[in-house]
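Step one of this worksheet: look at the structure below.
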Amino acid sequence: MVEIRLANPADIPSVALLVALSFHPGNGWHALWRRMVQLGIEQDLRDRWRSCSPHHRCWLAITTTAVPLCVGSVELDLRQINGTLQPYLSNLAVHPDYRRQGIGQQLLRTVARSVAASNYTSLYLHVLAKNTAARQLYQRCGFVVLGQSTTVWGEEKLLLSQPLTGDRCYSSATSS
């Protein structure tokens with residue numbers, strides 16, 4: 001079982017570790033690289049918290065076990081999309097040992113409800129085209145492809161949008 005809650009600055013190391021592990025898996029020299037990436041993510045998160053953006057939020061999925069563990073996270077802020085500030089989701093991460101248990105859907109449901117309460121009509125995000133599992137999750141949750149571009153590393157990424165008029169993927173979300 002997990003509970004979803006807003007993160008606070010004390011959670012930064014846990015979130016950075018989770019994001020680094022989710023986006024930079026592997027052992028050996030990959031683990032060393034992941035530690036360097038983790039330190040960069042920690043600093044980036046600290047900078048975002050210090051900026052005190054009224055729109056920045058980070059939610060965590062925390063296990064309800066005797067020793068709580070951060071097993072999921074997602075961030076939300078406003079970003080320019082087609083010339084207008086829009087709610088933008090980033091860094092949705094679920095610990096590899098906890099995937100396919102509905103945690104990603106729970107985090108998306110929480111973000112969507114928060115955005116809908118703010119009177120925005122859509123939620124936006126980018127996903128790497130090669131990330132099939134994430135694309136399937138987003139498609140199940142009602143996200144549609146609006147466009148594509150290339151990352152600075154030459155990888156194809158897709159801009160997705162979810163209209164916030166229904167509760168499509170969340171009615172069947174697995175409780176964890």
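Binning all Cα-Cα separations of the chain at 10 Å, short to long from zero, yields these whole-percent fractions: 9, 37, 41, 13, 1.
Its Cα gyration tensor gives region 55-128 an equivalent ellipsoid; the semi-axes, largest first and in whole Å, are 25, 12, 10.
Report the accessible area of Thr151, computed with a 1.4 Å probe over the heavy atoms of all protein chains in place, in Å² rounded to the nearest 10. Rounded to the nearest 10, the figure is 30 Å². Using a cutoff of 8 angstrom between alpha carbon atoms and counting only pairs six or more residues apart, the relative contact order for the chain works out to 19 percent. Ligands, DNA and RNA left out, the 1.4 Å accessible surface of the chain is 53% carbon and sulfur atoms.
Taking only the Cα atoms of region 91-135, how large is their convex hull per residue, in Å³? Mind dumping the intermediate values first?
Numbers: hull volume 3.6 nm³, N = 45.
Here the figure is 79 Å³ per residue.
GNM remark for the chain: springs join alpha carbons under 10 Å apart, and the peak mean-square fluctuation among Ala129, Ala16, Ala93 falls on Ala129. The residues of the chain expose, per residue, 56 Å² of accessible area to a 1.4 Å probe.
The values are calculated or read from the model by the stated rules, or taken from the named source; none is laboratory data. Fair warning: this is a prediction, and the values are worked out from it, not measured in the lab. Accessible surface is based on the protein model in full, side chains and every heavy atom, while ligands, DNA and RNA are left aside. Shrake-Rupley method; radii C 1.70, N 1.55, O 1.52, S 1.80 Å.
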